[in-house]
1. Which stretch or stretches of the stretch 22-45 have amide N atoms under 18 Å from the point lying 7 Å from Asp57's Cα along the Cα→Cβ direction?
2. Give a residue-ordered list of calculated ³J(HN,Hα) values for the stretch 11-24 (Karplus: 6.51 cos²θ - 1.76 cosθ + 1.60, θ = phi - 60°; whole Hz; x for Gly, Pro).
3. Give, in nm to one decimal, the length gained when the segment between Val48 and Asp33 is fully stretched (0.36 nm per residue of separation minus the Cα-Cα distance).
4. Please compute one quarter of the surface area of the Cα convex hull for the stretch 4-61 and express it in square nanometres.
5. Relative contact order (percent) for the chain, with alpha-carbon contacts under 8 angstrom and 6 or more residues of separation?
6. Note down the magnitude of the dipole of the chain about its Cα centre, charges +1 on Lys and Arg C-beta and -1 on Asp and Glu C-beta and zero elsewhere, to the nearest 20 debye.
7. Taking the Cα atoms only, what angle lies between the long axis of helix 26-40 and the longest principal axis of the chain, rounded to 10 degrees?
Amino acid sequence: MSLKLTTRQVGDVTVVDAAGRITLGEGSSAFRDTIKGLVNQGQKKILVNLGEVTYIDSSGIG
């Protein structure tokens, strides 16, 4: 399963829900770009929900 990312607001917190695999390449790039985009928009409180992530390699952690 490829990586699926969705974002939602809970109060003043932006929640990033991730599902699937975070691996070197497309998955880690999409994850990094999503987080960078939120930071660039001025989001200060970001919670990453990895509950539905089935696999993460070292590039996904970094």
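Computed from the coordinates by the stated procedures, all read-outs in this text should not be read as laboratory data. Every value quoted in this text rests on a predicted model; they were computed, and no experiment measured them. A quick note on method: Cβ atoms are made from the backbone with ideal geometry, for glycine too, and the neighbour counts reach across all protein chains shown.
1. Within reach of a label on Asp57, which here means backbone N under 18 Å from a point 7 Å along Cα→Cβ, the stretch 22-45 contributes 22-33.
2. Once θ is set to phi - 60°, the couplings for the stretch 11-24 become x, 9, 10, 8, 9, 9, 8, 10, 9, x, 10, 10, 10, 3 Hz.
3. On the way: separation 15, 0.36 × 15 = 5.40 nm, distance 1.35 nm.
Length gained, Val48 through Asp33: 4.0 nm.
4. On the way: hull surface 14.8 nm².
Dividing the Cα hull surface by four gives the mean projection, 3.7 nm².
5. Working: 93 pairs, mean separation 25.9, N = 62.
Computed value for the chain: 42 percent relative contact order.
6. Values: 7 positive and 6 negative charges, 32 e Å.
Here the chain has a charge dipole of around 160 debye.
7. With rounding to tens, the tilt is 10 degrees.
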